[in-house]
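Undergrad: One structure is given below, represented as structure tokens, and several questions about it will come after.
The values are calculated or read from the model by the stated rules, or taken from the named source; none is laboratory data. This one's a predicted model, so the numbers in the text were calculated from it and none came from an experiment. Reconstructed Cβ throughout: ideal geometry from the backbone, glycine too, with neighbour counts over all protein chains shown. The area values use the complete protein model at the heavy-atom level, side chains included, leaving out ligands, DNA and RNA. Shrake-Rupley method; radii C 1.70, N 1.55, O 1.52, S 1.80 Å.
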Amino acid sequence: MTHDHDLVLRPTPAQTEAALNPPPGRTGGDLVVETLAGLGVTTVFGLPGQHALGMFDALRRSDLRYIGLRVENNAGFAADAYGRITGEAAPLLLSTGPGALTSLAALQEAAAASAPVLAISSQVPTAGLGGGRHGYLHELPDQAASFRGVVKSVHIVRTQSQIPSAIEAAWKSALSAPHGPVWVEIPQDVLIAETAIPVVTGGDAFPEELPPRPELTAVAADLLSKAARPVIIAGGGVVRADASGKLKQLAERLQAPVVTTPGGKGAFPWKHPLSLQSWIEDRHTTDFLEDADVLLVVGSGLGELSSNYHTFTPRGRVLQIEADLGKLESNHPALGIHADARLALQALLETVSERQDPGAPERVREVLAKVADRIAAQELTLEQDVLASVRRALPASSPSFWDMTILAYWAWSAFDAKGPNHMHSAQGAGGLGYAFPAALGAAAADPTRPVLAVSGDGGALYSIAELATARQYDLNVTWLIVDDGGYGILREYMNDAFGEATATELTRPDYVALAESFGVPGVRTTPENLEQDLAKALAAPGPSVVLLPAVLRMFAPTHLGSD
């Protein structure tokens, strides 16, 4: 009798030959890049540093493509976007101490957005580990401790033989639902020492699946089938799980209106008769969601932005599908289904009964009309025209990446992403500087279509050095910078709260001249010429900058007690 656990993969003759006669001059760094190649990696991001040079030297002997950014945090944003676009765990190669720590904000964004990033950092030499103060350059008493509260998992390497298994385990962790950033660290001496370990020729690249518990989906299907007013909230988990098609099937079978969160942009067709679009930061939408007798939440923890700043109080039964166990029922009591969105939606499709509700599209139209009337009453024509110009200029298949800026806040609610996985922003962790380096990562992932980055002038200064990266690798990214003279949204917040803004005004460079100094074409535009200038920049190959001097305003919030 043969048992599955008795089966082993036997090496091919070529693998046997490579194992018995590995090429000379290999180091621990070669084990890193060989393992990555064996997992199917083609592109890595990062910055070199003294303790990490063993990895970077090994890149020279590999077929991996290296995209080097100018700041570690920006390299993390680029790896994040590459992972979102490809579904792979993008490697991020970092050096010890300051280099590693500089990536923390990017890894927090990846964690909040469930983006797979495989961060591999060097460490001080093995002799300096253990918490003693040996005085090594970049030394930290416990480097991994700085990352444990941010990343999904931490993998510590202390010998060369541990490298392939540690990286493979980290890869699986990053790509198992919920996706997320992971941390691997390897001491300098382990990376640079010669190795007699055979060439790494393959790896198990298949992550663990997360199916739903059948007894829970059976109850959920029964509740949805019998509901009088079912509604669906679709979050980023639908996009990450590539489950948009199944979401559409389920919504149509149930005749359930769908609203998407900022992270779920594009998960449901914008102009579908059942689409409430993504006006989730609006009291009319919130009222409609509260009136549902059964509310299905897919791939969202119903956090601050997705609950209209925690003013949402559902009156009906909540069903929550979420891959992150810690987010189940974290904000509202629910029938919590711990599962990948795609697998859970498939289970519901197999068991739910079809509903007839010819009035559902009309109720959706009524909500959208109320939202439109509310916005129209605020005389925000400039803001709506600018956003519409961006939408018309951007090809429907192109992804866009948005910084924490007023135009992005508009886009969360009012921008048609034209499809799943097309619009991304830093709304997960809310840090500045995301858009441009993330767009560079997306362009590296797919050079066949132009990519748009949108920043304010404050956020742009976080990543201005990456104009050099864009030029060096000729990445097809157009960067729209909306220059309002400072931190515009903070200016609004402070004026509203305190009557006067402090520390929000900025001295800025001439962004067009600065771009041109990097060899990147730049143009200064106006709201009237934005569509034409942006479309022209996007159509031209390589990087470009479009500067729009404009002071935009936010629409009035509804979570403060007024409509």
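Undergrad: What is the dipole size for the chain, taken about its Cα centre, with +1 at each Lys and Arg Cβ and -1 at each Asp and Glu Cβ, in debye to the nearest 20?
TA: Working: 41 positive and 62 negative charges, 110 e Å.
Its charge dipole is roughly 520 debye.
Undergrad: Here is a further query. In terms of modelled amide H atoms, which long-range or inter-chain residues lie less than 5 Å from the amide H of residue 121?
TA: Excluding prolines and chain starts, which carry no amide H, the hits are 94, 184, 185, 186.
Undergrad: Please list, in order along segment 61-75, the HN-Hα scalar couplings obtained from phi with the Karplus expression 6.51 cos²θ - 1.76 cosθ + 1.60 (θ = phi - 60°), rounded to whole Hz, x for Gly and Pro.
TA: Residue by residue, segment 61-75 yields 9, 10, 9, 5, 8, 10, 10, x, 9, 9, 9, 4, 4, 5, 4 Hz.
Undergrad: Can you run phi through the Karplus equation (6.51, -1.76, 1.60; θ = phi - 60°) for segment 172-184 and list ³J(HN,Hα) in whole Hz, with x for Gly and Pro?
TA: Those phi angles translate into 4, 4, 4, 9, 7, 5, x, 4, x, x, 10, 10, 10 Hz.
Undergrad: Non-local amide H neighbours of residue 65 (under 5 Å, H modeled in plane, Pro and chain starts lacking H): which ones?
TA: The list, which skips near neighbours in sequence, is 43, 44.
Undergrad: State the percentage of accessible surface on segment 407-459 attributable to carbon and sulfur atoms; use a 1.4 Å probe and exclude ligands, DNA and RNA.
TA: On the way: 470 of 990 Å².
Accessible surface attributable to carbon and sulfur in segment 407-459 totals 47 percent.
Undergrad: Right, next: Hey, could you get me the Stokes-Einstein D for segment 431-548, Kirkwood radius over alpha-carbon pairs, 20 °C and 1.002 mPa s, rounded to whole µm² s⁻¹?
TA: Numbers: Rh = 14.7 Å.
The diffusion coefficient I find is 146 µm²/s.
Undergrad: Taking the 0 to 90 degree range and rounding to the nearest ten, how far is the long axis of helix 488-498 tilted relative to the main principal axis of the chain, both from C-alpha atoms?
TA: Value to nearest ten degrees: 60.
Undergrad: What label, among (i) 75, 74, 43; (ii) 89, 56, 42; (iii) 72, 71, 45, belongs to Cα extents along the principal axes in Å computed from the structure on display?
TA: Given (i) 75, 74, 43; (ii) 89, 56, 42; (iii) 72, 71, 45, the structure-derived one carries the label (iii).
Undergrad: Compute the acute angle (0 to 90°) between the alpha-carbon long axis of helix 214-226 and the principal axis of greatest extent of the alpha-carbon atoms of the chain; round to the nearest 10°.
TA: Between helix and principal axis, roughly 20 degrees.
Undergrad: Okay, next question. What residues have an amide H closer than 5 Å to that of residue 318, excluding those fewer than 5 places away on the same chain, when H is modeled at 1.01 Å from N in the peptide plane?
TA: Answer set, sorted by chain and number: 295, 335.
Undergrad: Number of Lys-Lys pairs in the chain under 13 Å by Cα, sequence gap 8 or more or different chains?
TA: Details: 152/172; 248/271; 265/418; 271/418.
Qualifying lysine pairs in the chain: 4.
Undergrad: Please give the net charge around residue 330, taking every other residue with its beta carbon less than 13 angstrom from that of residue 330, where Lys and Arg add +1 and Asp and Glu add -1. Mind showing how you got there, number by number?
TA: Working: positive: 327; negative: 304, 322, 324, 329.
That works out to -3.
Undergrad: What FRET efficiency comes out for residue 287 versus residue 65 if R0 is 51 angstrom and r is the Cβ-Cβ distance? Round to the nearest 0.05.
TA: Numbers: r = 50 Å, r/R0 = 0.99.
Efficiency for this residue pair is about 0.50.
Undergrad: Right, here's the next one. Give or take rounding to whole Å, what are the principal axis extents of the alpha carbon atoms in segment 93-159, in descending order?
TA: Answer, in whole Å and largest first: 38, 22, 19 Å.
Undergrad: Find out how many positive minus negative residues lie around residue 540, taking Lys and Arg as positive, Asp and Glu as negative, among other residues whose Cβ is under 13 Å from that of residue 540. Intermediate values should be presented prior to the final figure.
TA: On the way: positive: 536; negative: 474, 533.
Counting the neighbours of residue 540, the net charge comes to -1.
Undergrad: Then there's this: What's the angle, to the nearest 10 degrees (0 to 90), between helix 104-113's Cα axis and the longest principal axis of the chain?
TA: 50
Undergrad: How many nm separate the modelled label positions at residue 133 and residue 510, each set 7 Å beyond the Cα in the direction of the Cβ?
TA: 5.0
Undergrad: Same structure, new question: Residue 475: net charge of surrounding residues, Cβ under 13 Å, Lys/Arg +1, Asp/Glu -1, itself excluded?
TA: Details: positive: 65, 449, 471; negative: 446, 466, 474.
Around residue 475, the surrounding residues sum to 0.
Undergrad: Let me ask something else about it. Which whole-Hz couplings ³J(HN,Hα) result when phi for each residue of segment 123-132 is put into the Karplus expression 6.51 cos²θ - 1.76 cosθ + 1.60, θ = phi - 60°, listed in order with x for Gly and Pro?
TA: After applying 6.51 cos²θ - 1.76 cosθ + 1.60, I find 9, 4, x, 3, 5, x, 7, x, x, x Hz.
Undergrad: I would also like to ask the following. Leaving ligands, DNA and RNA out of it, work out the accessible area of residue 229 with a 1.4 Å probe and give it in Å² to the nearest 10.
TA: 100
Undergrad: Rounded to two decimals, what is the ratio between the C-alpha radius of gyration of segment 340-464 and 2.2 N^0.38 Å? Please list the in-between numbers first.
TA: Numbers: Rg = 18.2 Å, N = 125, 2.2 N^0.38 = 13.8 Å.
Against the empirical 2.2 N^0.38 Å value, I get 1.32 for segment 340-464.
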